[in-house]
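For reference, the structure is listed below as structure tokens.
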Amino acid sequence: MTKVKVGGMTYTVLYKSDVNIDGVKRYDTCDRENMVIEIRDSMNKPLTDLTLIHEIVHAIDFEYCIDMTESQVEQMANGLYQVLVDNEFEEAP
Ligand SMILES: [Zn+2]
């Protein structure tokens, strides 16, 4: 997935070897000002998919003004990932 629409906005998804915030290495970021989600490209597919879902939940939280905590984002992302995988949901190419 290279684009994801959330709340009328289109986020660009970039897979990069170096993802950081202020020099601190990260697995993922969601830059709301520039509508960019960055995912580290060295992770295996399940972790990459889970990480993308995590950042999409952050984007949903922001676009719909839900005001979730990091823990709530993590719990929702883990739950969504499990449901999608266990029900054979496949990402479009
Ligand atoms: Zn997060």
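The values are calculated or read from the model by the stated rules, or taken from the named source; none is laboratory data. Worth saying up front: this structure is predicted, and the values here are computed from it rather than measured. Glycine also receives a Cβ, built like all others from the backbone with ideal geometry; neighbour counts cover every protein chain displayed.
Can you work out which of the residues in segment 52-79 that are of a type in the set (S, T, N, Q) and farther than 20 Å from Gly7 by Cβ is surrounded by the fewest Cβ atoms within 10 Å (Cβ to Cβ)? Walk me through how you get there before you give the answer.
From segment 52-79, those of a type in the set (S, T, N, Q) are 69, 71-72, 75, 78; that's our starting set.
Retained after the next criterion (residues that are farther than 20 Å from Gly7 by Cβ): 71, 75, 78.
Details: Ser71: 8, Gln75: 13, Asn78: 14.
The qualifying residue surrounded by the fewest Cβ atoms within 10 Å (Cβ to Cβ) is Ser71.
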One residue from Tyr11, Tyr27 being modelled with pLDDT under 95 and within 16 Å of the ligand (Cβ to nearest atom): Tyr27
Residues being surrounded by fewer than 12 Cβ atoms within 10 Å (Cβ to Cβ), part of a strand (DSSP E or B) and hydroxyl-bearing (Ser, Thr, Tyr) - total across segment 1-17: 1
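Does Gln72 satisfy being of a type in the set (S, T, N, Q) and more than 16 Å from the ligand (Cβ to nearest atom)?
On the way: of a type in the set (S, T, N, Q): yes; more than 16 Å from the ligand (Cβ to nearest atom): no.
For Gln72, the condition - of a type in the set (S, T, N, Q) and more than 16 Å from the ligand (Cβ to nearest atom) - is not met.
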Filtered residues of segment 36-51 (kept if surrounded by fewer than 17 Cβ atoms within 10 Å (Cβ to Cβ) and outside any helix (DSSP H, G or I)): Val36, Asp41, Ser42, Met43, Asn44
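With exposed (fewer than 12 other Cβ atoms within 10 Å of the Cβ) and more than 12 Å from the chain's Cα centre (by Cα) as the only criterion, which of Asn20, Asn87 stands out?
Numbers: Asn20 fails: exposed (fewer than 12 other Cβ atoms within 10 Å of the Cβ).
Every option except Asn87 fails the conditions.
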Qualifying residue in segment 72-92 (condition: part of a loop (DSSP other than H, G, I, E, B), of a type in the set (D, E, K, R) and modelled with pLDDT of 90 or more): no
